Structure formats: structure tokens, C-alpha cells
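Notes to accompany the following structure.
Each reported figure results from applying straightforward, stated rules to the coordinates on display, with no laboratory input. As the structure is a prediction and not an experimental result, all values here were calculated from the model. As a convention, Cβ positions derive from the backbone with ideal geometry for all residues, glycine included, and neighbour counts pool all protein chains shown.
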Amino acid sequence: MTKWVYLYNEVKEVEKATGGDWDDVKGLVGGKGAGLLDMTRAGVPVPPFFTVTTQACNAYQKAGKFPPGLWAQELAALKQVEKKAGKKFGDPNNPLLVSCRSGAKFSMPGMMDTVLNIGLTDETAAGLVKLSGNPRFVYDSYRRLVEMFGTVVLGIPDEAFEEPLQEYKTRKGYKLDVEMKADDWKEMVRAFREVVKKHQGFDFPQDPYKQLELATEAVFKSWNGKRAIDYRRATNIPDDLGTAVNIVTMVFGNMGDDSGTGVAFTRNPSTGDRKMMGEYLLNAQGEDVVAGIRNADPIENLKTKMPEAYNQFMDITAKLEKHYKDMQDVEFTIEHRKLWMLQTRVGKRTAKSAVKIAVDMANDGLITKEEAVKRVTPDQVDTMLHPQFDDQAKKNAEKAGSLFGKGVNASPGAAVGQAYFDADLAEKMAKEQKQDVIMVRPFTKPDDVHGMIAAKGVLTSEGGATSHAAVVARQFGIPCIVGASAIKIDLEKRVMVVGETKVKEGDWISVDGTTGNVYIGKIPMSAPSLEEQTELMTLLKWADEISSRPNIRVAPKGWPTRGLQVWANADYPKDAQRARSYGAMGIGLCRTEHMFFEPERLPIVQRMILSETSEGRTKALNELLPYQRKDFDGLFDAMNGLPVIIRLIDPPLHEFMPSEEALLEEVITMRVKGETAGLAEKEKMLNAVKGMHESNPMMGLRGVRLSIYMPEIVEMQVRAIFEAAADCTNRGIVVKPEVMIPLTGTVKELEWIQPRLERIASAVMAEKKVKFPYKFGTMIEIPRAAVTAAEIAEHAQFFSFGTNDLTQMTFGYSRDDAERNFLVTYVEQGILAKNPFQTIDRDGVGRLMKMAIDDGRSTRPELEVGICGEHGGDPDSIEWCHIIGNNYVSCSPFRVPIARLAAAHVALKYSGKTAKKAAAPKAKKPVVKAKSKVKKTASKAKTAKRKK
Ligand code: PEP
Ligand code: MG
């Protein structure tokens with residue numbers, strides 16, 4: 001018979017059943033169950049409990065009913081819990097009450113269901129009144145059970161219970177729940193039971209066992225509730241894990257003023273500071289603190305209120321943090337001054353906090369540097385480089401009277417958007433209207449998560465730093481302010497008000513999650529400086545140390561044995577400087593044509609294009625040469641000592657000309673108005689543009705084809721590169737130029753062009769009487785080049801994968817159009833697992849890359865290989881580049897820090913494994929997704945620029 005249930009003292013049995021790995025233990029009994037079992041083993045005061053496994057949940061989902069043996073095992077375990085607790089379930093003389101709480105492998109805060117106070121009936125309630133002498137507590141607990149049971153198990157809407165309570169309080173003239181007396185709560189029990197009867201047609205069950213059975217089933221069902229599914233989609237938690245169910249002896253924080261309940265993080269989850277951050281409420285139960293409905297007291301205040309319990313709590317939590325070697329998120333209850341721990345789990349945190357905690361713990365020797373590096377995700381680094389509000393702009397806004405309110409700075413970062421007052425509308429406006437949205441609520445509940453995820457920022461007027469809104473926002477890196485209590489939100493009128501100032505739904509606001517300030521209107525933002533984020537700098541330094549370890553990659557002779565280097569795509573010296581300050585070890589792509597677009601150069605470029613003779617072209621190019629030389633000089637200077645790959649002109653020439661339509665319009669207007677001055681030139685240009693027209697320019701006269709068709713341009717470029725390199729060398733700068741020929745499709749192209757260019761390189765070095773190392777290489781962005789890489793490597797000293805074009809040409813999808821039409825459907829329908837312009841398609845494009853590297857290195861073992869398409873900053877693509885033997889990845893300067901971390905992660909992941917094994921193709925089925933986003937890649941931006 002399958003064992004579906006484990007008792008509080010059966011941690012060893014769970015370890016035996018799962019093979020002992022803690023991750024698998026969590027898989028079977030859930031994170032909460034594992035924490036409770038482990039705490040019990042360590043002697044921490046945990047109320048007696050038992051846990052129903054995730055396997056039981058999965059069996060239930062399959063069969064639609066409890067698997068055979070489960071209920072009998074629950075009853076047997078309950079007997080043991082009764083023994084340990086010294087109470088009996090359903091016994092009016094000494095009733096045991098239990099909670100029934102969900103707990104999946106990965107915490108999904110508030111996304112599934114919980115029922116407290118199970119076991120209370122008319123009979124046991126009366127018994128408990130006698131026993132405790134505290135009828136207020138008993139009837140408060142009983143009405144909570146009826147309410148939770150009604151909403152969670154029976155699916156009655158919250159309002160059905162909220163309304164009679166509100167009505168009653170108004171009738172009695174009460175403002176707060178604490179004013180309710182024993183008789184008031186007793187009256188509410190009656191009223192709530194009527195609600196159940198009215199909605200369901202039957203009474204609230206007076207059989208405690210029925211309560212337990214139905215509650216267990218409700219928790220199983222909540223695994224497939226909408227909010228749990230939404231959350232899993234957003235966090236990539238697999239659907240087939242199931243939730244465990246923890247049945248835990250109730251201890252009561254609502255037994256009077258010597259009782260209380262609270263939640264705490266062992267370090268600050270927002271900043272990472274080494275200070276316990278928590279909140280508690282006296283005379284309150286479980287969910288009150290987390291829901292943020294009542295504003296709680298900071299945990300420090302407990303020290304004076306209940307010193308003994310406080311000291312014990314601090315002692316236990318310090319031990320828990322040491323034991324788990326990570327920041328813990330704990331829940332506790334104090335019943336008549338006795339402390340009970342109800343939960344410990346690894347706490348959710350912001351990106352900033354994740355980095356600080358990892359670095360602090362490694363510096364303290366609690367974890368290794370490798371572990372610290374592994375604990376931070378590339379996405380978190382990305383968040384830390386997200387824009388912040390300009391200091392000056394904030395000051396200006398304050399001066400102008402735009403500061404609207406202030407609250408708790410729950411999740412850092414800046415967000416600007418239109419305010420919407422409910423989750424559905426926030427999601428709708430973000431998704432359908434593509435608006436930037438700030439979700440504003442008095443407080444949030446798990447049902448609101450979809451709106452939060454869609455929003456740029458979140459603002460609540462109630463709740464504290466551990467409220468639901470704060471915890472969820474931190475996890476998703478959404479800037480968030482909670483408890484801005486001066487702001488009165490009127491959900492009926494759809495406005496929020498502070499004094500005389502009103503913000504209507506749909507108005508723009510700016511939310512500063514770092515300071516807690518809310519402003520009216522839009523405040524400008526700027527990129528934060530990496531240098532000022534010292535912990536992140538330290539972590540990235542450790543990442544680089546890991547990546548640069550020799551032999552971290554097992555590889556054939558000549559191939560890289562260190563991890564990937566990270567280079568950057570930079571066209572201008574200022575980009576190169578930023579790239580270097582962000583840790584780039586080289587420039588992997590300088591798109592030289594961008595320099596042609598500068599206003600003073602474009603007319604020269606156009607003159608060059610329009611000239612009919614080689615001499616005319618050369619004359620214009622001679623004018624361009626000093627500009628290009630200056631550009632390259634700046635790049636070499638910024639990258640002193642590091643390689644700089646300069647790509648020769650790539651796009652079709654018509655991109656440098658005005659559009660045919662615009663010219664035609666101008667010419668016609670001039671003709672109609674009878675303007676003659678300049679008309680002849682315009683007409684000439686129009687004819688030239690017409691002559692350049694290609695139906696398929698991306699597959700036309702561009703790249704190396706253009707160089708062969710019109711070699712004067714690239715000859716000028718190579719001269720400019722080598723003159724700049726020579727001048728820099730003469731100034732003491734160490735240069736490593738690498739000239740890159742784009743869009744090669746056949747080795748014959750290289751055979752034609754490369755010697756002519758190399759002759760210029762040698763000539764310049766002779767003229768300038770200097771020598772420096774240099775390389776000539778090519779981009780691999782046409783499938784034919786990948787397939788014939790062995791021959792191409794006879795000439796090319798390096799390959800750089802232009803994966804934007806390589807993806808376009810391998811799939812036959814236009815990089816300019818696919819992302820705005822069928823690709824969205826393809827990803828939604830699961831035809832493609834991911835957008836291939838964002839993440840390398842390993843099975844197709846990726847295989848071509850691997851073949852090209854293998855074949856290329858069979859000709860030239862020391863062949864340098866990189867990638868410079870947009871994929872170079874994508875962690876999944878970075879992993880592929882490591883596996884197939886790239887020397888480096890090159891991405892935009894802003895993504896360099898993310899790529900450095902991703903490179904270290906993959907180096908650690910595959911450390912000691914041969915490339916062959918790691919690269920073995922896996923026929924993975926794409927996941928069919930319910931919802932997905934196809935993000936636009938930067939290639940779109942580039943296209944937009946090109947089309948301008
Ligand atoms: C590429 O094709 O991946 C590439 C880097 O070149 P471009 O985007 O300039 O075509
Ligand atoms: Mg390209």
C-alpha cells in the first residue's frame with residue numbers, strides 16, 4: 001500500500017522514501033512539510049502535525065477522488081497527533097483543532113487554500129468555552145472556520161460573509177473587529193451559518209471528520225485554481241508537481257493579549273540588510289498579518305512586550321538561517337506566551353537583496369563563492385540595471401507639488417504608468433491596450449496576482465512590508481509601495497484622493513519603490529550605475545573568476561578550455577567605454593555603417609553612392625576616411641589591450657538613401673509648384689534609388705557581395721582601421737583589430753576579397769612603420785557558410801555567428817516581420833517552444849552552429865568563435881554557445897553583466913563534462929502554452945532605425 005501520509009516525527013522515513021536528497025524530500029512532502037519535519041527533528045517547538053504527500057494530490061487529480069487508503073491513513077495519523085497534543089478531535093471536553101494548509105515543492109505564497117480551526121462545531125465550541133474561559137476567542141475562531149470553509153471549500157464568494165459582518169458592525173457602531181465581543185462573534189457564527197445554508201442548501205457540517213475530509217479535498221483542488229495556474233505560468237513551476245497538505249494542530253494567537261501571531265524574514269528581503277524584518281499582531285490569528293488587513297507592529301516591539309518569547313524566537317531563527325544557509329521566511333504564533341513555529345522556508349527577495357545576501361553569506365564563509373554566484377539569476381541582474389528615477393527630476397516634481405503620497409518602500413525600482421483600481425482592468429489595459437499600468441488597490445489578495453504581473457508597478461494604501469502585495473511584487477521584481485495610508489481609494493468612484501488632490505482611474509502616476517514616494521504624472525528615468533552597486537560588482541567579479549578557470553571546459557586540443565568570455569556590440573567609443581566598465585573583454589561587433597548615418601557624413605555617403613565612376617566614388621570615400629579613422633581610434637583607445645572586431649559595411653546601399661516614395665512626392669511637389677532649384681539633383685537621386693530597388697534587399701546586394709561589387713568602400717574602411725590602429729600603437733595603446741567580412745556564403749568570396757584587404761593592411765603598417773597583431777575573419781550567418789565552414793576556415797581566422805540573419809535564413813522567417821504576426825501564434829500554439837529570434841533554436845540553427853565550429857576547427861583548431869546576434873545576451877543561448885565551444889558571446893553593453901553571470905552559471909553547470917555529451921541533441925517537445933509573450937528582439941529596433 002502506498003504511504004500517502006507522514007507524521008511529524010517521520011522525517012527519516014521521508015528521506016528513505018525519496019533517497020535522502022532534500023530537493024526530493026520537498027518534492028514529496030512540499031516545502032512547508034519539509035520545513036516542519038526538519039524543525040521538529042531539530043527540537044524547534046512545532047505543533048504536532050501530519051503531511052499528506054504531493055503524490056496523493058496527483059492521484060486525486062487523476063481519479064477525481066481520494067486514492068485508496070488515504071483517508072484511513074489520515075485517520076491513523078490524526079490519532080497519533082491527538083496523543084502527542086493531549087487532545088481529541090471532536091471531543092467536547094478537550095477538543096483538538098487543526099489547520100489544513102497547502103504546501104507545494106516551491107512556495108506559491110497565498111495561491112492555494114488553507115482552512116483554519118477545523119474541528120469546531122456547536123458542541124466542541126461550547127466545550128472549548130468551558131475549557132478556555134474565553135468565549136470571545138472561541139466564537140471568533142468558530143466564525144473564521146465557517147467563513148473559510150464557506151469560501152474555500154464550498155466556493156461561496158467572500159462578499160457573502162463580508163456584507164453581514166459589515167452591516168452588523170455598523171449597526172453596533174463598531175469600527176474595528178477588535179471591538180466585537182463574545183456575543184457579537186456568536187451572533188456572526190449564526191449569521192455565517194445562514195449564509196452557508198442559503199448558498200448551498202445544506203448546513204455547515206457538524207461532523208469534524210467531514211470538515212477535515214472536505215478541506216483536504218479543497219486544498220487538492222486549489223492546485224488547479226486559476227490563481228495557482230497563473231502563478232505557475234509566471235514562475236515556470238511545472239503543473240505536475242501537485243501540492244502536499246499539512247494538517248497541523250491549531251495553536252492560537254487570538255487567545256488574548258498574551259497571544260499573537262506574526263511573520264518575519266531573517267534578513268531584509270528588500271535590501272538584504274542583516275536585520276530581522278517582521279511584523280506581528282497581538283490577539284490575532286494566522287492570515288491577519290499576511291493579508292495586510294490590519295497594520296501590524298514591527299517585530300522589534302515584541303522585545304518589550306514578551307521578552308522571553310522574543311529571545312527564543314531570535315535564537316531559533318538564527319539557527320534556522322545557519323542550518324539552511326539562506327534567508328528564512330518564518331511564521332509563528334504565541335499562545336499564552338508560548339512560542340510555536342509554524343513555518344520556515346527560503347524567503348522570496350528582491351534582486352538587490354538576493355545579491356547582497358549571497359555576497360554577505362559567502363564573505364562570512366556560510367556558502368562558497370560558487371554557491372553565491374549560482375544563487376543570483378541573470379534576470380535579477382537585469383532588474384538591478386533597470387531604470388531609476390532621476391534625482392533631479394524627483395526634486396523638481398516635489399517642488400512642483402507633484403508628490404502625492406508616501407508609503408512603505410516594499411519593492412525597489414521606478415515605475416511610471418496609468419493607475420487602474422482592479423486586477424482585471426489592470427491586466428486588460430496592459431495586454432489589450434498595451435498601456436503601462438500601475439495597479440492600485442487598498443490591499444491585494446492572491447486573486448489579484450494576474451493584475452500585478454501585468455503591471456509596471458503596484459501601490460496599496462494598506463498593509464506592511466510582509467503583506468501579500470509586498471511579497472509578490474518583490475518576487476517578480478515589480479516596484480511596489482504598500483501602506484500609503486494617507487491615500488484614500490474610492491473603488492466606487494474610481495478615484496484616489498489625498499486632501500484636495502484627486503487622481504482618477506487612468507491618470508498617470510510615478511511610483512518609486514526604492515523610497516516609497518508616489519508622484520502624480522510621469523517622472524523621467526535613467527539607467528543606474530553599475531559601479532555604485534558594489535555587491536553586484538563583487539558577485540560579477542567572482543563570476544568572471546569562475547568563467548576564466550582553465551580546464552573548466554573539457555575540450556579537444558586548440559579549443560577553449562576556460563568558460564565563455566563576454567564581449568560587447570558597440571559602434572561608438574562611448575558605447576565601448578560603457579561596455580568596458582560593465583566588464584566586456586572585447587568588442588565583438590562594431591557595425592561600421594551606423595557611422596555613415598551621422599548628419600555630416602550622410603551627404604558624402606550619398607554622393608559616393610550616386611557617383612558613376614570609380615574615381616568619383618574614391619573621391620567621396622577619401623572624404624569619409626578621416627571620420628572613420630577617428631571612430632576606430634576612439635574604439636581602440638577605449639578597449640586598450642582588448643580585441644576589437646570591426647565589421648565591414650553590411651546593409652544594402654538603398655538604406656543610406658531617402659525612400660523612393662518620399663523622393664517621388666518631393667519631385668512631384670516641386671514640379672507642380674514650378675520650383676526648379678535643386679530639382680535636377682532630386683530627379684537624379686530618384687532615378688538612382690529606383691535603379692537600386694530590390695524586391696528582397698535582405699537577400700540582395702549587401703554584405704560581402706557589396707564589397708565585391710564595389711570594393712572601394714571596404715578598401716577605405718580597412719585603410720581607416722589600420723591607420724587608426726597604427727596611430728594608436730604609436731601612442732602606446734595596445735591594439736588588437738579584427739576585420740570581419742559579413743554575409744559570406746561561399747569561400748570563393750573570401751578568396752576574392754580578403755587578399756586585397758590584407759594587402760592594404762600590410763601597406764599601412766609598412767607606411768606607418770609599426771606592427772601589431774590582427775585577424776581577418778567572417779560572419780557565419782548564411783546556412784551555406786555554416787555547411788561549408790571547413791573550407792571557409794582556410795581563410796577566416798575567426799567566425800562570428802550572426803544569429804539574427806542565420807535564424808532568418810535557416811527558418812525562412814523574415815526577421816523584420818515574423819515577430820508581429822504568425823510567430824506569436826506559433827509560440828502560443830506550441831509549434832515553437834520559444835521565439836527563435838530571442839533564444840537560439842538548438843535543434844536547427846544551433847545544430848548548424850555546432851557543425852560549423854566542429855568543421856571550422858577541423859581545418860583550424862585555434863579558430864576563434866563568437867556570436868554577435870541578439871542571442872548573445874540571452875542566458876539559454878549563452879548556455880548553447882558554451883556547450884558547442886564558442887570562445888565568447890557578444891551582446892549589447894547593457895546586457896554584459898547579465899551575460900557574465902550566465903556564462904559563470906553554465907561553466908559551473910558543465911564543469912568537467914565533455915562538450916560532446918552536453919551537446920547531444922535532445923528531441924524536446926515544445927511545451928504548449930496557454931499564454932505567452934513573444935518579446936520583440938533588438939533586431940526590430942535596428943530595422944526601425946534602418947527604415948528611418
Ligand atoms: C546578425 O545577423 O546576427 C548580425 C549580428 O548582423 P546584423 O544584425 O547587423 O544583420
Ligand atoms: Mg547580419
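For the peptides 853-860, 906-913, 597-604, the ranking by mean Cβ contacts within 10 Å, running from highest to lowest, is 853-860, 906-913, 597-604.
The angle between the Cα long axis of helix 534-547 and the longest principal axis of the Cα atoms of the chain comes to about 70 degrees, rounded to the nearest 10. Taking every C-alpha pair closer than 8 Å and separated by at least 6 residues, the mean separation divided by the residue count of segment 373-441 gives a relative contact order of 26 percent.
Protection proxy ranking, highest mean first, for peptides 134-143, 672-681, 149-158, 194-203: 134-143, 149-158, 194-203, 672-681, where packing is the per-residue count of other beta-carbon atoms within 10 Å, averaged. Cα axis of helix 135-148 to longest principal axis of the chain: angle in degrees, 0 to 90, nearest 10? Orientation of helix 135-148: about 50 degrees from the principal axis. Summary of packing: across the peptides 256-269, 496-509, 434-447, the per-residue average of other C-beta atoms within 10 Å ranks them, highest first, as 256-269, 434-447, 496-509.
In terms of surrounding Cβ atoms within a 10 Å radius of their Cβ, I831, I721 rank from fewest to most as I831, I721. In this model, which of K574/K630; K325/K352; K32/K322; K105/K210 are farther than 21 Å apart at the alpha-carbon? Cα-Cα > 21 Å for K105/K210; rest within. When the Cα positions of F389, G256, S762 are compared along the charge dipole of the chain, S762 comes out farthest toward the positive end, with charges on each C-beta of Lys, Arg, Asp and Glu.
Rounded, prolate or oblate: which fits segment 398-513, taking a ≥ b ≥ c as square roots of the Cα gyration tensor eigenvalues, rounded meaning a/c under 1.5, else prolate when a/b beats b/c?
Cα axes put segment 398-513 in the rounded bin.
When the square roots of the Cα gyration tensor eigenvalues are ordered a ≥ b ≥ c, the ratio a/c for segment 165-283 is 1.5 or more and a/b does not exceed b/c, which makes its shape oblate.
What list do you get for Y572, Y519 if you sort them by fewest beta carbons within 10 Å?
Y572, Y519
Taking Cα atoms only, the orientation of helix 159-172 departs from the longest principal axis of the chain by about 60 degrees. Can you bin segment 319-364 into rounded, prolate or oblate? Criterion: square roots of the alpha carbon gyration tensor eigenvalues sorted a ≥ b ≥ c, rounded for a/c under 1.5, prolate for a/b above b/c, oblate for the rest. Note, shape of segment 319-364 comes out prolate. All other residues whose Cβ lies under 12 angstrom from that of E694 are scored, Lys and Arg at +1 and Asp and Glu at -1, for a net of +1. Using the rule -39500 (n - 2.57) for each DSSP H run of four or more residues, divided by the residues of the chain, the 222 nm mean residue ellipticity is -14000 deg cm²/dmol. Rounded to two decimal places and with Rh computed the Kirkwood way over Cα pairs, what is Rg over Rh for segment 729-857? So for segment 729-857, dividing Rg by the Kirkwood Rh gives 1.12.
Taken over segment 100-184, the percentage of Cα pairs per 10 Å bin, counting from 0 up to the bin with the maximum distance, is 16, 38, 35, 11, 1.
Computed from the Kirkwood radius of its Cα pairs, the Stokes-Einstein diffusion coefficient for the chain at 37 °C and 0.692 mPa s stands at 104 µm²/s.
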